[in-house]
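Let me begin by presenting the structure, written as structure tokens, before commenting on it.
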Amino acid sequence: MYFKIIMCIIPATPLVLWGLVKRHYVKFDRFKAIDKYLYECKFFSVEKSGCRTHLYRSVSCSHKCAVYDVLYIADMMRVAKYSLNMCMCILTNEAILESLIFLHNNGVKVRVIMDRGMAFHEKRKAMRLKCKGILVKVQKSWDEIMHHKFCYFDIEEPGRCRLFFGSLNLTLQGVTSNWEYLIFTNNLYMINEHKKIFESLWRETELF
Ligand SMILES: [Zn+2]
């Protein structure tokens, strides 16, 4: 009886050992892969509603201030050297608009896709970008909603490219009165996936 059990176990031993080693290796390899990339999360909450006044004045009261977060995003965008592509359902924040204009004036190829309804609702802001020569597009149909919120830049140079995406619209409301999040990364797979969807939308949308 015991002999039969042992005879069954012995041939299976290398397989079990290989399974254990593989499991540990894959686990290790996965951590290594994550470690190669930059990942950063920013969370926004209703607690920042007190910082609306700071946002109007563009002065940060602390690192927990909404202005601090907005300027962080705006400054990060200003690093772009070649191109910046943004899909933003609602885009009204002054610091972000200023960064887009700054980049365009410095020869960076800036392309923006906004939601048609929101772009017309905040026509003054979208027109400001358009008047500066920035290409702004919206979906052709009023029945559809362009709900994406992401931005990537410098895909031309893997060492420089960055992406941020999440639930946040770049608006005063978004950074001070909602629970929202953004993830920043230089993960090339993620950036390429966003590039695919951006280019496809760019073909399907029309100029504002
Ligand atoms: Zn503040």
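Nothing in this text is a laboratory measurement; each read-out follows from the coordinates by a stated rule. None of the values given here were measured: they were computed from a predicted structure. Note that we place each Cβ from the backbone using ideal geometry, even for glycine, and neighbour counts take in every protein chain shown.
Descriptive notes on the structure:
- Annotation: average projected area of the stretch 84-176 is 6.2 square nanometres, based on the convex hull of Cα atoms across all directions.
- Placing dummy labels 7 Å off each Cα toward the beta-carbon, the span from Lys109 to Val59 is 4.2 nm.
- The distance separating the Cα centre of the stretch 149-179 from that of the stretch 92-136 comes to 14 Å.
- Over the stretch 133-208, relative contact order from alpha-carbon pairs under 8 Å, at least 6 apart, %: 37
- Lys-Lys pairs in the stretch 38-207 that are eight or more residues apart or on separate chains and whose Cα atoms lie under 16 Å of each other come to 15.
- In a simple Cβ point-charge model (Lys, Arg +1; Asp, Glu -1; nothing else charged), the stretch 95-208 has a dipole of about 380 debye relative to its Cα centre.
- Across every direction, the projection of the convex hull enclosing the Cα atoms of the stretch 60-129 has a mean area of 4.9 nm².
- Note, ³J(HN,Hα) from phi for the stretch 95-109, Karplus 6.51, -1.76, 1.60, rounded to Hz, x at Gly and Pro: 4, 6, 4, 4, 5, 5, 5, 4, 5, 4, 5, 9, x, 7, 7
- Pairs of alpha carbons in the stretch 38-207 whose separation is greater than 23 Å (percent): 37
- Here the simple spin-label model places points 7 Å from the Cα toward Cβ, and for Leu38 and Ser141 these points are separated by 3.9 nm.
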